[in-house]
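Colleague: The structure under discussion is supplied below as structure tokens; questions concerning it will follow.
The values are calculated or read from the model by the stated rules, or taken from the named source; none is laboratory data. Remember, it's a predicted structure, so these values are computed and weren't measured experimentally. Heads up, the Cβs are rebuilt from the backbone with ideal geometry, glycines too, and the neighbour counts pull from every protein chain shown. Each accessible area value is taken on the protein alone, full model and side chains, heavy atoms only, with ligands, DNA and RNA left out. Shrake-Rupley method; radii C 1.70, N 1.55, O 1.52, S 1.80 Å.
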Amino acid sequence: MRIPVKHDRGGYDIILERGALMKAAEYLPQDRRTLVVTDSGVPAQYARAAADATDCAGVVTLPAGEATKSLDSYRALLSRMAEAALTRGDCVIAVGGGVVGDLSGFAAATYMRGIGFYNIPTTLLSQVDSSIGGKVAVDMDGIKNIVGAFYQPQAVVIDPDVLATLDRRQFAAGLCEAIKMAATSDAELFGLIESSGDINSDIDRVIRGALMIKRAVVEADPEERGLRRVLNFGHTVGHAIEGMMGGEWLHGECVAAGMLPMCGDAVRERLRSVLQKYGLPTGLPAETDAARLCDFMRHDKKAAHDGINVVTVDEIGSFEFVKMTPEEIAGRAVTI
């Protein structure tokens, strides 16, 4: 399946196909030199498949983990790009999860003022969310995604077959992003995830449903000036938890806990049951207190002097934007 995504400078295709990675030459550039970027947590054969499909100048394997999404790693990657003598006509191919995609995309956006960027997401989280829409970034001083840009890929290749090597915890954390989008925008998709007797058999439908939601949102609001903020459901509290936990919780686990305070009572109970079904957190870390949450939320990139725009859900499939202070958000979070 090809899902076209339009943006103000043109567009790109999302390729959603089982086995796509093994025939990557059909979807990756054949007339440009490439640098493939991956990390140590990704099976090496995935990056090799992308390299073998192109005129590859090398494969860069970074340490796995959120700590890699840093200014130091960004500088090191730029150095490798320069050593490989990449030109403005060449490109970077990310093969991995959100960390690899965000870092590689940001490097591509800024090297020689922008070179080509292709994304092959290999985690469920990156397949349904972070690989789509052109947001690329690195973390700094413990603050997620504070240095970044909007930079669109030239293609995104999604192969659900690669999820077979994903461990259960990573799979559930990625599924949380699909749950998030369904809760705000698609009651039918939420119902599918809620009632599924075998989520592995239903995962192609889940990925497609999440992609259709995200495509509609990013086409309508490519630079997060309005509607795109709906994708931040659960993220204000979630990012604060992530900062507090220092990587002990996965991003999707933090978002799971972050969604619950932003729901009405009926939705919260239904959402809690779905999160429990897939082994996701249904409460804040034990050491959490309102003051610590507030400290992290004040650094949220969505914060303004008069509060933070958050997403609330009082009925599955619909949402509202509400402005709250960090203290109000933290007060809701510690009482769920």
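Colleague: May I ask you to list the residues in segment 166-187 that are touching a residue at least 12 places away in the same chain (Cβ under 8 Å) and open to solvent by 30 Å² or more (accessible area, probe 1.4 Å)?
Modeller: Listed by number, the residues that qualify are Leu166, Arg168, Arg169, Gln170, Ser185, Asp186, Ala187.
Colleague: Which condition from (1) within 23 Å of Ala291 (Cβ to Cβ); (2) at pLDDT 95 or above; (3) among the β-branched types (Val, Ile, Thr) is the one that Val267 breaks?
Modeller: (1)
Colleague: Let me ask something else. Assuming His7 fulfils every condition listed in (1) touching a residue at least 40 places away in the same chain (Cβ under 8 Å); (2) touching a helix residue (DSSP H, G or I) at 6+ places or on another chain (Cβ under 8 Å); (3) over 27 Å from Glu219 (Cα atoms); (4) surrounded by 13 or more Cβ atoms within 10 Å (Cβ to Cβ) apart from one, which condition is it?
Modeller: (3)
Colleague: If you don't mind, there's one more thing I want to ask. Taking the residues in segment 300-336 that are among the acidic types (Asp, Glu) and closer than 23 Å to Ile179 by Cβ as candidates, determine which candidate is modelled with the lowest pLDDT.
Modeller: Asp300
Colleague: Output the residues belonging to segment 50-109 that are under 11 Å from Val37 (Cα atoms) and β-branched (Val, Ile, Thr).
Modeller: Val59, Val60, Thr61, Val92, Ile93, Val95, Val99, Val100
Colleague: While we're on this one: Do you know which of the residues in segment 251-281 that are of a type in the set (Gly, Ala, Ser) and open to solvent by 10 Å² or more (accessible area, probe 1.4 Å) is nearest to Phe233 (Cα to Cα)?
Modeller: Gly264
Colleague: Can you tell me which residue in segment 130-144 is modelled with the highest pLDDT, limited to those that are closer than 22 Å to Ala210 by Cα and open to solvent by 20 Å² or more (accessible area, probe 1.4 Å)?
Modeller: If we take residues in segment 130-144 being closer than 22 Å to Ala210 by Cα and open to solvent by 20 Å² or more (accessible area, probe 1.4 Å), then Lys135 is modelled with the highest pLDDT.
Colleague: How about segment 198-215: which of its residues are under 21 Å from Val157 (Cβ atoms) and either without any contact (Cβ under 8 Å) to a residue 60 or more places away in the chain or basic (Lys, Arg) (or both)?
Modeller: Matches in segment 198-215: Asn200, Arg205, Arg208, Gly209, Ile213, Lys214, Arg215.
Colleague: While we're looking at this one, here's another question. If I go through segment 148-178 residue by residue, how many of them are more than 16 Å from the chain's Cα centre (by Cα), modelled with pLDDT of 95 or more and among the β-branched types (Val, Ile, Thr)?
Modeller: So the count comes out to 1.
Colleague: Out of everything in segment 199-250 that is outside any helix (DSSP H, G or I) and crowded, with 17+ Cβ neighbours inside 10 Å, what residue ends up being modelled with the lowest pLDDT?
Modeller: Per the stated criteria, the residue is Glu224.
Yes/no per residue for (1) in contact with a helix residue (DSSP H, G or I) (Cβ under 6 Å, 6 or more places away or on another chain); (2) free of Cβ contacts under 8 Å to residues at least 12 places away in the same chain:
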residue	(1), (2)
Val95	yes, no
Phe150	no, no
Val156	no, no
Ala164	no, yes
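Colleague: Still on this model: Going by the structure shown, is Ile193 over 24 Å from His7 (Cβ atoms), part of a helix (DSSP H, G or I), in contact (Cβ under 8 Å) with a residue 60 or more places away in the chain and within 14 Å of the chain's Cα centre (by Cα)?
Modeller: no
Colleague: Could you check how many residues of segment 12-29 are small (Gly, Ala, Ser) and free of Cβ contacts under 8 Å to residues at least 40 places away in the same chain?
Modeller: The total comes to 1.
Colleague: Of all residues in segment 260-271, count the ones that are out of contact with any strand residue (DSSP E or B) (no Cβ under 8 Å at 6 or more places or on another chain) and either under 19 Å from Asp186 (Cβ atoms) or in contact (Cβ under 8 Å) with a residue 60 or more places away in the chain (or both).
Modeller: Residues that pass the stated criteria total 5.
Colleague: Of the numbered conditions (1) touching a Phe, Trp or Tyr at 6+ places or on another chain (Cβ under 8 Å); (2) not in a loop (DSSP other than H, G, I, E, B), Pro285 fails exactly one; give the number of that condition.
Modeller: (2)
Colleague: Do we have any residue at all in segment 177-197 that's of a type in the set (Phe, Trp, Tyr) and touching a Lys or Arg at 6+ places or on another chain (Cβ under 7 Å)?
Modeller: Looking through segment 177-197, none of the residues is of a type in the set (Phe, Trp, Tyr) and touching a Lys or Arg at 6+ places or on another chain (Cβ under 7 Å).
Colleague: Can you run down the residue pairs with Cβ atoms below 9 Å, 6 or more apart or on separate chains, where the first is in segment 316-336 and over 26 Å from Val217 (Cβ atoms) and open to solvent by less than 20 Å² (accessible area, probe 1.4 Å) and the partner is in a helix (DSSP H, G or I) and of a type in the set (Val, Ile, Thr)?
Modeller: Partner pairs satisfying both residue conditions: Ala330/Val237.
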